[in-house]
Amino acid sequence: MNVSGVGSTLGITTTEYEPGCIADLQRALDQIAPPTNDYAHNSRWNDDNGYAHLRSSLVGTTKGFPIFDGQLAIGQWQQIVLCDFDSRPRERQVVVTVLGES
């Protein structure tokens, strides 16, 4: 099964979706691609979300997950998470594709 987020300022990942892991991920991304940096994208498009595009590139917009015996085969505490990195609210679309034998 593939899960794909449509857009260039979001990411698809997995994590234990609890406040500590979310805060740790946010802190790591803030260190790697801080919102306050001077990004060429911002100058080119007179925008403020260059960091969001960089984060999306690093995390990725598509992830594949196995299905075994008709069930999603991920860890007990593992959740599939859409991360919206943009500087403003946007409507998001997620595409789920399942291939294989039934």
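The values are calculated or read from the model by the stated rules, or taken from the named source; none is laboratory data. No experiment lies behind these values; they were computed from the predicted model shown. Cβ: placed from backbone, ideal geometry, glycine included. Neighbour counts: every protein chain shown.
Taken over region 75-89, the criterion of being over 20 Å from Asp30 (Cβ atoms) and surrounded by 13 or more Cβ atoms within 10 Å (Cβ to Cβ) is satisfied by Gln78, Gln79, Ile80.
Within region 48-60, residues that are β-branched (Val, Ile, Thr) sit with their Cβ atoms under 6 Å from residues that are buried (at least 20 other Cβ atoms within 10 Å of the Cβ), at 6+ positions apart or across chains, in these pairs: Val59/Gly11.
Residue by residue, here is whether (1) closer than 18 Å to Arg88 by Cβ; (2) touching a strand residue (DSSP E or B) at 6+ places or on another chain (Cβ under 7 Å); (3) modelled with pLDDT of 95 or more; (4) surrounded by 13 or more Cβ atoms within 10 Å (Cβ to Cβ) holds:
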position: Ala28; (1), (2), (3), (4): no, no, yes, no
position: Ile32; (1), (2), (3), (4): no, no, yes, no
position: His41; (1), (2), (3), (4): yes, no, yes, yes
position: Tyr51; (1), (2), (3), (4): yes, no, yes, yes
position: Val59; (1), (2), (3), (4): no, yes, yes, yes
position: Lys63; (1), (2), (3), (4): no, yes, yes, yes
position: Gly70; (1), (2), (3), (4): no, no, no, no
position: Ala73; (1), (2), (3), (4): no, yes, yes, no
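In region 89-100, the residues that are touching a residue at least 40 places away in the same chain (Cβ under 8 Å) reach residues that are acidic (Asp, Glu) with C-beta atoms within less than 9 angstrom, at least six apart or across chains, in these pairs: Arg90/Asp84; Arg92/Asp84. Here Asp47, Asp84 are screened, and the one residue that is among the charged types (D, E, K, R) and out of contact with any strand residue (DSSP E or B) (no Cβ under 7 Å at 6 or more places or on another chain) is Asp47.
Look at (1) outside any strand (DSSP E or B); (2) at pLDDT 95 or above and you find that Gly5 fails only one, number (1).
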